[in-house]
Amino acid sequence: MNNKSKTKELTTKARKAAKDFPIVCVGGSAGGLDAYTRLLKHLPADMGVAIVIVNHLRTVATQLHEILPAFTKMPVNLITERLDIEPNHVFIIPTQRDLHVLDGEFRLKPISKPRGWPDVITVFLRSLTKHWGGKLIAVIVSGYDGDGAAALCGIKEVGGITIAQKLETAKQPDMPESAIASGCIDFILSPEDIARKIARITHAVSTG
């Protein structure tokens with residue numbers, strides 16, 4: 001192997017290693033804003049993880065990237081095509097898009113289920129299991145229907161952790177209830193305790 005090839009290989013390895021930090025996917029819908037704010041207020045800003053909020057809105061443009069900076073010291077970004085995934089950031093899915101990851105970047109596609117209940121959380125979680133090398137934590141909070149539940153067993157199969165919001169703390173318990181019914185939930189917690197659990201998990205990953 002010549003020096004140019006070695007340099008390219010080392011650069012590729014370094015880039016891949018840099019993208020091995022944990023991703024926390026927080027999926028929600030109706031009543032989700034309450035859960036997101038309570039969660040973010042209790043999350044340290046320097047854990048070395050990327051927080052991705054997958055909130056499914058079918059018609060109304062999301063305003064989460066304007067609302068949530070008041071509740072966290074982490075930068076909050078509305079996801080655009082090929083945006084780099086970075087630790088210690090909060091990322092928000094745009095409306096009417098399916099979200100994927102590839103080569104350490106976000107990829108956006110037209111929503112595959114434009115009518116009925118969206119499945120954008122399920123789509124994103126399945127993409128993570130295929131294309132992300134770091135630890136995965138899937139969190140399902142308040143919302144109608146059962147988006148995300150179908151992908152939770154897949155998260156566990158790749159060594160990820162799954163968490164559902166405690167039903168009595170959710171404004172709309174349907175979504176976490178469906179997640180629990182999947183049989184693939186590790187923890188059932190309030191938003192504040194979800195934040196504490198994420199901090200403990202990511203600390204264990206960084207020191208392990």
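Within segment 32-62, take every residue that is under 19 Å from Phe106 (Cα atoms) and polar (S, T, N, Q) and give me the one that is modelled with the lowest pLDDT.
Applying the filter and picking the extreme gives Thr62.
Would you pick out the residues in segment 171-193 that are open to solvent by 30 Å² or more (accessible area, probe 1.4 Å) and closer than 23 Å to Val158 by Cα?
The answer is Glu177, Ser178, Ile180, Ala181, Ser182, Gly183, Ile185, Asp186, Phe187, Ile188, Leu189.
Would you say Ser112 is over 20 Å from Gly160 (Cβ atoms), touching a residue at least 40 places away in the same chain (Cβ under 8 Å), touching a strand residue (DSSP E or B) at 6+ places or on another chain (Cβ under 7 Å) and not charged (D, E, K, R)?
Considered against the rule, which asks whether it is over 20 Å from Gly160 (Cβ atoms), touching a residue at least 40 places away in the same chain (Cβ under 8 Å), touching a strand residue (DSSP E or B) at 6+ places or on another chain (Cβ under 7 Å) and not charged (D, E, K, R), Ser112 comes out as no.
Is segment 99-121 home to any residue that is of a type in the set (Asp, Glu), open to solvent by less than 30 Å² (accessible area, probe 1.4 Å) and at pLDDT 95 or above? Steps first, please.
Here is the first cut: in segment 99-121, the ones of a type in the set (Asp, Glu) are 103, 105, 119.
Applying the additional criterion that residues be open to solvent by less than 30 Å² (accessible area, probe 1.4 Å) yields 105.
In the following step, the residues that additionally are at pLDDT 95 or above were identified as 105.
Checked against the condition, which is being of a type in the set (Asp, Glu), open to solvent by less than 30 Å² (accessible area, probe 1.4 Å) and at pLDDT 95 or above, segment 99-121 yields at least one hit.
Identify, please: which residue in segment 115-148 is without any contact (Cβ under 8 Å) to a residue 40 or more places away in the chain and in contact with a helix residue (DSSP H, G or I) (Cβ under 6 Å, 6 or more places away or on another chain) and is, among those, nearest to Gly48 (Cα to Cα)?
Thr129
How do the strands (runs of 3 or more DSSP E) wholly within segment 100-208 filter down when requiring 1 or more residues that are of a type in the set (Ser, Thr, Tyr): which remain?
Details: elements: 105-110, 136-140, 161-165, 187-189.
Qualifying strands (runs of 3 or more DSSP E): 161-165.
Confirm whether Val158 is surrounded by 24 or more Cβ atoms within 10 Å (Cβ to Cβ) and either closer than 26 Å to Val205 by Cα or modelled with pLDDT of 95 or more (or both).
No: the conditions fail for Val158.
The values are calculated or read from the model by the stated rules, or taken from the named source; none is laboratory data. Note that the coordinates shown come from a computational prediction; the quantities given were computed from them, not determined experimentally. Don't worry about glycine lacking a Cβ; one is built from the backbone with ideal geometry, like all the others, and counts go over all protein chains shown. These area figures cover heavy atoms from the full protein model, side chains too; ligands, DNA and RNA do not enter into them. Shrake-Rupley method; radii C 1.70, N 1.55, O 1.52, S 1.80 Å.
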